[in-house]
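I have placed the structure first, in the form of structure tokens, so that the comments after it can refer back to it.
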Amino acid sequence: MEIRFSYSVLASLFDGALPSVKELEHLLTLHSFEVTSVLEDKNDSYITIDILPNRAHDCLGYYFLAKEISVLTGITLKPLPFEKKESSAGVEVTFPSVTVSTPLCRRYISRRINSVSVGESPAWLRDALLTMGQKSINNIVDATNYVMWITNQPLHAFDAAKVVDSAITIRFAKKGESILTLDGKRIELDTTTLTIADPDGPLAIAGVKGGVRAEITRETSDIILESANFDSVSVRKASQKIGIRTESSKRFEHEISPELAALGMDFVTDLILKVGGSGETRISDVVDVYANKDESRSIILSPERVNRILGTEFSDKDITEILDRLDFKVDREGESYQVQIPSERIDIQIEADLIEEVGRVWGYDKIKGTPLSLWGMEPNLGKNYFYRAKIEDILVNSGFSQIEMYSLVPKGDIEIENPLAEDKNFLRNNLKDGVLLALRHNAQYGDLLGVPRVKVFEIGTIFKKSAERVSFALGIRNTKLYRGKEKESVELKNILNFLAEKLGIPEEKLASYTEVLESEEGVIAEIGFEELIASLPNPSSYKDVLRVESPTHRFVSLSPFPFISRDIALFVPEGTEKELIEKSIVEEGGFLLVRQTLFDVFEKEGKMSYAYRLAFQATDRTLTDTEINNIMKRVTARLEGNPGWQVR
Amino acid sequence: MHIEKIQRNGHLHPLTLIIRDLLEIFISLGFSIAESPELESEHYNFDVLNIPKNHPARDMQDTFWIKGRKDTVLRTHVSNTQVRYMENNKPPLRIVYFGKVFRSEATDATHEAQFRQFEALAVGEDITLGNLKWTLELFLKKLFGENAEIRIRPGYFPFVEPGLEADVACFKCAGRGCGLCKHTGWIEVLGAGMVHPKVLEAGGIDSTKWRGFAFGAGWERIAMLKYGIDDIRLFSSGDLRLVNQF
């Protein structure tokens, strides 16, 4: 997940200078997360980081990303700038009553703060939020947002006067309930959506969005704070259902440790006192409903296994040093270590996760590559692959081109529940439909391809109602360029017989698995590949199947502009080298001549006639007849410049 | 420009050329070819690969489901082969597998709902990340040339831990930064990692005794990088203006 971080806000969390943006980019990419882009303006630098999905639990928060950077650089983090505040002495501040009706709310911490004054945030806070990409609203809301961005713990503040009886219930919405969000959207709620409610009804959609009813305004004097934790799946479903995604829901969706809620509450309390408090301000005790406390976790790590998995030779000290930097407390247990995992590192559940920590912090670039041991036996390519490759080679050597067509098509036996397009909602149950399309498509490009007869084949999966199977189809179709005498169906028959011969089976046997279709659009044969393979012997060795020269040239982009065809035919004295003619045509044709195809040759009265189809195409425009006519004039002139050459 | 060759012989699909190239290395290292279906159960496509229900990787938006069939999907990766194979074959094992995969993604020049992957899996008593690194380097040099510069960094896939990504230095701009490498100087080519113990166990393999690595890539993506093919839709179009260039 790509998140943009402000370099200056990150830097503010450290006791010491951060390395340069470039250096940070390098360190993070090699050891933690890929930095995908860096932007700079006059105020700040912005680093966009692809936080890996399993680190969204913590590293969406500046503080935890900073912790990561601290591990990699050794620069000390400052402790977070807050003091835990106790409830105001001598004054009873009614704290909110909190009823949690479902385990989907894993923790709910709340407190009341009386006599705050709501106004503009101080400049430092406005600037920090701005550079983090968060709009400034007012000092109270800004404080909750700031703490969220720093700690990854979403927070919310309610106007206490508008929360009936200061009584908060975390419950599913009742039928017919709705809420007007802070954005002014009316959302109809259903009974699967978790809400924060008071006796009058929903105040907020839990973990997603607050309602306008208990909104903090300039008139607000007393507030109720929420620092809670909601089940990730339920927040994701609620967010999807109502079509609202917020910074809060994004964080809960990725699961946060409920332990963070306490940190969040303490930090925001202190900050609100600083930015909105006065001598009059009073805070209540904290209410903390935490039914299933997250047990502190520890995992056994064996240094021997670290080295065996990574292929390294770390000493115990090498490993414990890294764990120490990560702030994982380590206790020796015989040959192994018991490693305490901080609560926010939800991604670390088993030993392999710790081995990854060691490996990545050390640096994969520093781990030496070591050869795989020798295998010893000839690997098994499988009968299917062996014959598939053999058939590919036989056909390609006979002038066929291999194609692959779409499996998602407009008709078939098996339908997609959630297709992307109306014409891609079935799985194909044959190959011949695709081959037909390919023949049709390529026939129009005959001149451009220099192909008088299109010959294609495909080996691929089809989906019949009963089973997924491999099928094999060939197609042959003449283009307008074809001047030969042999019918398409004859070549098809010949190639099938040739195939049978090469595979060592009788023609009739192959024919028994083959279905042939003839039309004005060409001839197509579809063959039951699996039946064919079943009738063939198991290969004794796979040695000759694979050798193929790997092309080194690059693909030439297809021009989206139409091509223009022209013919040129000429008589030349017998014995004239064809190559001479072709060289002349190519040279005069220039770079717009993309293909020349010899399509007719005959002898007449001691002279040879050659006829060429020329295809012209530009990469940047549609060519005009005038342009091409001029080229043809040049070509004709050049050819006729040779004694005895006569263009027809 | 002029392409002169008159068709004498036919043409293998560029994807076939890539796989034949790769199989040469794989065969020399002892990897056998394994097969698995494109129409797959939720179980083999997700559950046994440490992708439980409600995992973000499972989002309805990404997977094609089959009408009228419970728990059936079009496989979203070729990794469905892993546990299928492990259940029926004792370690040590080395396999390579490849084919079509399906994801519900909007189509454009670099994205298709139907594309292809290849993947390799090796399980043994003494396989290490060092072996994986060596294999990746061998592999990438075969594909992109002896001078290809490779970088390995942390990645995440549910079925491997540690998880890695491998990049190759951009051959278009030699690391200076351009559109192809999104100005980073590096092109992401492979995902890799040590097989997650849960996956080994799902395959009936004792993860305290055996360990393994797996790595894979988008097959079209590799072809596009290697040959400079600029539109992924050409691969399944049957268009000989692509195929006949090779």
Relative contact order [Cα under 8 Å, 6+ residues apart], chain A, whole percent:
10
Please give the FRET efficiency for A:T94 paired with A:E188, using the beta carbon to beta carbon distance and R0 = 22 Å, rounded to the nearest 0.05.
0.10
With charges set only on the Cβ (+1 for Lys and Arg, -1 for Asp and Glu), what does the dipole of chain A come to about its Cα centre, in debye to the nearest 20?
1440
Tell me the Kirkwood hydrodynamic radius of the stretch A:201-336 in angstroms, computed as one over the mean inverse distance between distinct C-alpha pairs.
19.2
Tell me the Kirkwood hydrodynamic radius of the stretch B:1-154 in angstroms, computed as one over the mean inverse distance between distinct C-alpha pairs.
18.1
With a 1.4 angstrom probe the carbon and sulfur portion of accessible area for chain B, in percent, totals 49
Counting other chain Cβ atoms within 10 Å of each Cβ in B:223-231 and taking the mean gives 3
Counting only Cβ distances under 4.7 Å between cysteines, those in the protein assembly as shown with no partner are A:C59, A:C105
Taking all protein chains together and a probe of 1.4 Å, list A:F230, A:F95 from the most accessible to the least accessible.
A:F95, A:F230
Give me the summed buried accessible area for the A-B pair, 1.4 Å probe, to the nearest 100 Å².
9200
Over the alpha-carbon set of the stretch A:383-534, work out the extent along each principal axis and list the three values in angstrom, largest first.
48, 37, 23
Where only C-alpha atoms are counted, convex hull volume of the stretch A:97-289 per residue in Å³:
104
Taking the Kirkwood radius as the inverse of the mean 1/r across Cα pairs, report the Rg/Rh of the protein assembly as shown.
1.06
Of the convex hull enclosing the alpha-carbon atoms of the stretch A:1-152, the direction-averaged projected area in nm² is 11.6
Rolling a 1.4 angstrom probe over the protein heavy atoms, how many square angstrom per residue are accessible across the stretch B:1-134?
36
Would you rank A:K175, A:K390 by solvent-accessible area, highest first, keeping every protein chain in place and using a 1.4 Å probe?
A:K175, A:K390
Keeping all protein chains in the complex and leaving out DNA, RNA and ligands, what accessible area do you get for A:D447 with a 1.4 Å probe, in Å² to the nearest 10?
20
Using a 10 Å cut-off on Cβ to Cβ distances, tally the other chain neighbours for every residue of A:242-248 and report the average as a whole number.
0
With the alpha-carbon atoms as the only input, what is the per residue convex hull volume for the stretch A:297-364 in Å³?
76
Once amide H atoms are placed 1.01 Å from N in the peptide plane, what residues at a sequence separation of 5 or more from B:G163, or on another chain, have their amide H within under 5 Å of its amide H?
B:G155
Testing the spin-label approximation: label points 7 Å from Cα along Cα→Cβ at A:K578 and A:Q646. State their distance in nm.
2.2
Which value in Å does the Kirkwood hydrodynamic radius of the stretch A:2-73 take, with 1/r averaged over all unlike C-alpha pairs and then inverted?
12.1
So how far apart, in nm, are the two label points at A:K175 and B:C178 if each is 7 Å from Cα heading toward Cβ?
6.5
Counting only protein heavy atoms, probe 1.4 Å: which residues of the stretch B:15-38 lose 50 Å² or more of accessible surface in the full assembly compared with their chain by itself?
B:R20, B:E24, B:I27, B:I33, B:E38
Share of accessible surface on carbon and sulfur in chain A, whole %, 1.4 Å probe and ligands ignored, is 50
How long are the semi-axes of the equivalent ellipsoid of the stretch A:521-648, taking √(5λ) for every eigenvalue λ of the Cα gyration tensor, in whole Å from largest down?
41, 23, 16
At 222 nm, what helix-only mean residue ellipticity would the protein assembly as shown give, in deg cm²/dmol to the nearest 500, using -39500 (n - 2.57) for each DSSP H run of four or more?
-9000 deg cm²/dmol
Counting only heavy atoms of the protein chains, get the accessible area per residue of chain A (1.4 Å probe) and round it to a whole Å² value.
44
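The values are calculated or read from the model by the stated rules, or taken from the named source; none is laboratory data. All of these numbers come straight from a predicted model, not from anything done at the bench. So basically every Cβ, Gly included, is an ideal-geometry build from the backbone, and we count neighbours across all protein chains shown. The area values use the complete protein model at the heavy-atom level, side chains included, leaving out ligands, DNA and RNA. Shrake-Rupley method; radii C 1.70, N 1.55, O 1.52, S 1.80 Å.
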